Amino acid sequence: MKILIIHSFGIGDMIMFTPTLKEIKTKYPDSIIDFLIFQKPSAEPIKNCKYTNEIFYTTFHYKDLIKNIFLIRKKLYDISIYTSGANPIKASIYSFLLGAKLRIGEYMKYKLPLYTEQVKFNANIHRVESNLSLINQIANLNTKPLFCLDQDSENYSLNFLSKFQTSTIIGIHPGCNQKYANKRWEIEKYISLIKLIEVEYQFSKILIFIGPDEKDVGKEIKNNIPNIILIENNLQSVSAIISKLDLMITNDSGLGHIASCFNINILTIFSKYTHANPTKIKPFSNKSHIINFKNHRVGVTIEVNEVFKTITEIVNKNKALL
């Protein structure tokens, strides 16, 4: 059986699909699973995965969409699944044009004629569970998302971290995609938080992860805390380092979801300006903690102290971090 997964969102959303990917392979162990991906970095979590066969890439430009329609129709897929959260009308039209016999996706108020099977979108459950519902599976809250690391990245992370003889390694991702900059907790608050952590946990090592469009964030932190370590590398290498952290502190971002693939504590800060629904899209892990400032209007000091208090609570519950 040939299955096509259509994914038009980012890295975090792909990670929130990986439990479903595993469930599909469990239910159909002999299936061939291909992906059609709109944002190329979204392939990173699954491109080295044993469950994944072939990956196709497209953009939202009409020429790319048409080219892939002709390419993929020739593959004669048995099933296509459009991952949760997409615009249901556009997604159903594109799924129909791609030509799979069984086309699965979500609808909002009314069922759509171009899907053969569909599930009503539920804004009150986590996206991991929404994706699982697409294959009529009952969500298992212990199902862990997946990020497949290559061996070179594993070796790189071990070598990089070997220089830090410390009991606690804390990662912080103070940015996110510039397109969604409203998700970012303000940089001055991160700077104040880092200084608090360095005073309270003197034997910890703080690593700051900086993406390609976050160099200004890294520069501002470095100007205020000269000895801080900035990490700028490819996503596989960054993910390998994240996998070995004791604690990851992040905005609502793809790196937070990468952390959910590994057995580490995660603290996600939802800024007061975000449009995201924390219940729906927080990292899916039993070690995932959130602080939700959405729609709050409190001062800098209050927010920083609240985040630091939560970090202290996480550390106190996990004495191995000390």
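The values are calculated or read from the model by the stated rules, or taken from the named source; none is laboratory data. Not measured: the values here are computed from a predicted model. Glycine also receives a Cβ, built like all others from the backbone with ideal geometry; neighbour counts cover every protein chain displayed. Ligands, DNA and RNA are stripped out before the accessible areas are found, and what is left, the full protein with its side chains, is counted by its heavy atoms. Shrake-Rupley method; radii C 1.70, N 1.55, O 1.52, S 1.80 Å.
Among LYS205, LYS163, which is touching a strand residue (DSSP E or B) at 6+ places or on another chain (Cβ under 8 Å), among the charged types (D, E, K, R) and not in a helix (DSSP H, G or I)?
Criteria check complete, one pass: LYS205.
Kindly check whether there is at least one residue in region 229-244 that is part of a helix (DSSP H, G or I), at pLDDT below 90 and not hydrophobic (A, V, I, L, M, F, W, C).
no
Got a number for residues in region 254-263 being open to solvent by 10 Å² or more (accessible area, probe 1.4 Å) and either assigned to a loop (DSSP other than H, G, I, E, B) or under 17 Å from THR312 (Cβ atoms) (or both)?
Of the residues in that region, 2 qualify.
Out of (1) in a helix (DSSP H, G or I); (2) surrounded by 16 or more Cβ atoms within 10 Å (Cβ to Cβ); (3) not basic (Lys, Arg), what's the single condition that is false for GLY105?
Failing condition for GLY105: (1).
Consider only pairs whose beta carbons are under 7 Å apart and that are at least six residues apart or on different chains; among these, list those whose first residue lies in region 194-205 and is modelled with pLDDT of 90 or more and whose second residue is among the small types (Gly, Ala, Ser).
Close Cβ pairs (under 7 Å, with a partner that is among the small types (Gly, Ala, Ser)) amount to ILE197/SER204.
Taking the stated definitions as given, is ILE266 β-branched (Val, Ile, Thr), open to solvent by less than 80 Å² (accessible area, probe 1.4 Å) and closer than 18 Å to ILE206 by Cα?
It is true that ILE266 is β-branched (Val, Ile, Thr), open to solvent by less than 80 Å² (accessible area, probe 1.4 Å) and closer than 18 Å to ILE206 by Cα.
Please work out which residue is farthest from the chain's Cα centre (by Cα), limiting yourself to region 27-53 and to residues that are among the acidic types (Asp, Glu) and over 12 Å from ILE6 (Cα atoms).
Going through the qualifying residues, I end up with ASP30.
If a residue has to be modelled with pLDDT of 90 or more, farther than 20 Å from PRO19 by Cβ and of a type outside the set (A, V, I, L, M) to count, how many in region 267-291 make the cut?
Matching residues across region 267-291 total 1.
Would you check if there is a residue in region 302-322 being in contact with a His (Cβ under 7 Å, 6 or more places away or on another chain), within 19 Å of LYS205 (Cα to Cα) and part of a helix (DSSP H, G or I)?
The answer is yes, given that some residue of region 302-322 is in contact with a His (Cβ under 7 Å, 6 or more places away or on another chain), within 19 Å of LYS205 (Cα to Cα) and part of a helix (DSSP H, G or I).
Report every pair of residues separated by at least 6 positions or lying on different chains whose Cβ atoms are under 8 Å apart, first residue within region 14-33 and open to solvent by 10 Å² or more (accessible area, probe 1.4 Å), second hydroxyl-bearing (Ser, Thr, Tyr).
Listed pairs, sorted by first residue: LYS22/TYR51; LYS22/THR143; GLU23/THR143; LYS25/SER31; LYS25/TYR51.
Would you check if LEU76 is closer than 12 Å to LEU4 by Cβ, part of a loop (DSSP other than H, G, I, E, B) and open to solvent by 30 Å² or more (accessible area, probe 1.4 Å)?
In short, yes.
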